[in-house]
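Notes for the one structure printed next.
The values are calculated or read from the model by the stated rules, or taken from the named source; none is laboratory data. Everything numeric in this text was worked out from a predicted model, so none of it was measured. When we count neighbours, we look across all protein chains shown, and the Cβ atoms used for this are built from the backbone with ideal geometry, even at glycine.
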Amino acid sequence: MNLSFLGAVRTVTGSMHLLEINGSRVLLDCGLYQGRREESNRRNRQLPFEPRGIDAVILSHAHIDHSGNLPQLARQGFDGLIYTTPASRDLLSTMLRDSAFIQEQDAKFLNKDRRRSQAPIEPLYEYADVVRTMERVVAVPYRAKVSVVNGVELMLYDAGHILGSAVVALDLQERGVRRRLGFTGDLGRRESPILRDPERPTGFDVLITESTYGGRLHDPYEKASLELAEVLIGAADRGGKVIVPSFAVGRAQELVYHIAVLLREKRIPDIPIYVDSPLTVDVTEIYRLHPECYDVEVQKMIENGGEPFGFKNVTYIRHVEDSKALNTRSGPMVIISASGMAESGRILHHLRNNIGDPRNTILIVGYQAHGTLGRKLVEKEPEVSIFGERMSVRAEVRVMNALSAHADQRALLEWILNGSDPDQRIFIVHGDEDQSVALERELRSRGAREALIPELGREYAI
C-alpha cells in the first residue's frame with residue numbers, strides 16, 4: 001500500500017492524494033490548484049498521473065479546492081466512479097457548472113488581447129466535461145459501508161465543515177495486511193450553527209489531516225455575534241453599506257443565519273440584507289434539501305415553522321440588473337456577494353463602487369490566501385487594484401475570524417489525539433507551511449511519534 005501527496009501540501013489549495021493498493025489506484029479529492037495564473041494553469045492541466053489509470057475517486061466535500069478539477073480528470077479519460085455524500089453530490093453539480101462557466105469566461109477575456117499569430121487559450125474544461133463528471137458520481141450516505149475497489153471499503157462520517165462534508169475512513173487489506181486509513185478532508189468546528197458537530201471515527205493506523213489553522217485559535221462564536229452586531233449598528237448609524245465578500249457554500253448561509261438571529265432578538269436595526277450571487281442562491285436551495293445535515297437547534301427551528309435562510313429583511317438576487325441597482329441605492333444595507341477572496345464575481349463591482357466611501361464597511365469573514373484582493377484588504381493596503389484601476393481604500397475594513405468553518409489548533413489536536421494510538425502515522429496537509437509546522441510541533445509534544453509534513457509528489461509506504 002502506498003500514498004502519494006499530489007496537492008495541498010504546505011499550501012491550502014489543490015487537495016489531491018493517491019492511494020495505490022492491490023494494483024488499483026484510488027484518488028482522495030481532485031481539487032483545483034489556485035494561485036498565480038501561469039502556475040495554476042500548468043498544474044491543473046497537467047495532472048501528475050495518467051487519468052485513465054485511476055480506478056475511483058473519493059471526494060471529501062464540494063469546495064472547489066477539493067473538487068474543482070474533477071471535470072479535467074473526466075476530460076482526460078477517467079471513467080471510474082466518484083464516491084461522495086448525497087448533499088455533496090447535489091452541491092457538486094451546481095459548483096462545477098459555475099466553475100466551467102468561469103473557465104470559459106476567463107478564456108474568452110484573455111483571448112481578446114491575443115495576437116492572431118498566437119494560439120487561442122482554451123478553457124480548463126467546459127460544461128460537457130461537467131456532465132461527464134456527474135455521470136460518474138455515486139451518493140454514499142453517512143456511515144454506510146461501500147466496497148470501492150478490491151481491498152478497499154469506504155465509510156463516510158460527518159465532518160461538520162460544509163453541507164455534506166465528510167471524514168473519509170478506509171478499511172484496507174492487501175496480502176493479508178490490514179490497515180485503517182483516515183482522511184479529514186476539511187474538519188469543521190464544534191457547536192457551529194446549522195450543521196452537526198464533526199464525528200470522530202476511531203482505529204486509524206494512518207491519518208491524513210488538514211492544518212488550515214494548525215497554529216491559530218479562533219475567537220468564540222459569541223464574539224462573532226457581538227462583532228457582527230457592532231458592525232451593523234455602526235453602518236446603520238452612518239447610513240453606510242456593509243460589503244461582505246463571502247464563499248457561496250457555507251459562509252454565506254451561516255452569515256444569513258447569524259443576522260436572522262440578531263434581528264429576531266432585536267439586537268440590530270431593521271436594515272435590508274442582499275445576497276447577491278446566483279451561485280449562493282442555488283447553493284442555499286440545496287441546503288434546504290438536506291435537513292439530515294442540520295444540528296438540533298436548526299431542526300427545532302424548522303419544526304416550529306422557522307426558516308433558517310429566509311426572513312423578511314433578506315433578498316436573494318440573481319439578475320445582473322438587480323445587482324447593478326444596489327450600487328445606486330443609499331445605505332444602510334448589507335451586501336453579501338461572491339467570491340469569498342474578492343478575486344472574481346459581483347463582489348468586485350460592489351467593492352469598486354463602495355471602497356472609497358468612509359461611511360462604508362468591508363467585512364472580511366473568511367480565509368484570504370496570499371496575493372488575493374481579500375488578503376490585501378486584510379493587510380490594510382491603502383490602495384488596491386480593481387479591474388486594473390488603482391483605488392484608495394477609504395472604507396473601514398473589519399476582519400471577523402470567529403466565523404471560520406475550519407477547526408482551529410485546539411480542536412484539531414483534540415480530534416486527532418482522542419483515542420488515537422501514539423504510533424498512529426499522521427500526515428499533515430492542507431495548510432500554509434507555518435500552520436502545518438505548528439501543528440506538527442504540537443502533535444509531537446503531546447506524544448504523537450509519527451507526525452510529519454509530506455513532500456509534494458513523494459510516495460510513502462503504509
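The set of residues in the range 354-371 being under 27 Å from the mean Cα position of the chain (by Cα) and over 22 Å from GLU227 (Cβ atoms) consists of ALA369, HIS370, GLY371.
Checking VAL231, VAL244 one by one, the residue that is within 25 Å of TYR294 (Cβ to Cβ) and either basic (Lys, Arg) or outside any loop (DSSP other than H, G, I, E, B) (or both) is VAL244 and no other. Within the range 312-338, track down each residue that is of a type outside the set (A, V, I, L, M, F, W, C), part of a strand (DSSP E or B) and either in contact (Cβ under 8 Å) with a residue 60 or more places away in the chain or not assigned by TED's automatic domain parsing to the domain that holds VAL249 (or both). Within the range 312-338, SER337 is the sole residue that qualifies. For the range 446-456, the candidate set comprises residues that are at pLDDT 95 or above and either touching an Asp or Glu at 6+ places or on another chain (Cβ under 7 Å) or not in a loop (DSSP other than H, G, I, E, B) (or both); within that set, the residue that is farthest from SER15 (Cα to Cα) is ALA451.
It is to be established whether one or more residues within the range 37-54 are in the same structural domain as VAL437 (by TED's automatic domain parsing), at pLDDT below 95 and hydroxyl-bearing (Ser, Thr, Tyr). Yes, the range 37-54 contains at least one residue that is in the same structural domain as VAL437 (by TED's automatic domain parsing), at pLDDT below 95 and hydroxyl-bearing (Ser, Thr, Tyr). Considering each residue of the range 243-256 in turn, none proves to be among the polar types (S, T, N, Q), more than 22 Å from ILE286 (Cα to Cα) and either out of contact with any Gly (no Cβ under 7 Å at 6 or more places or on another chain) or surrounded by fewer than 23 Cβ atoms within 10 Å (Cβ to Cβ) (or both).
Residue count for the range 83-142, restricted to those that are part of a helix (DSSP H, G or I), under 22 Å from ALA56 (Cα atoms), over 19 Å from the mean Cα position of the chain (by Cα) and of a type in the set (D, E, K, R): 2. For the range 30-53, the set of residues classified as over 23 Å from LEU91 (Cα atoms) and free of Cβ contacts under 8 Å to residues at least 40 places away in the same chain consists of ARG37, GLU38, GLU39, SER40, ARG42, ARG43, GLN46, LEU47, GLU50, PRO51, ARG52, GLY53, listed by residue number. Taking the range 265-291 as the range and being loosely packed, with under 15 Cβ neighbours inside 10 Å and in a helix (DSSP H, G or I) as the test, the residues that pass are GLU285, ARG288, PRO291. Among the residues examined, GLU381 does not qualify as over 19 Å from ASP205 (Cβ atoms), of a type in the set (Asp, Glu) and assigned by TED's automatic domain parsing to the domain that holds THR184. Every test in (1) modelled with pLDDT of 90 or more; (2) over 30 Å from ARG425 (Cα atoms) is passed by LEU217 save one, and that test is (2).
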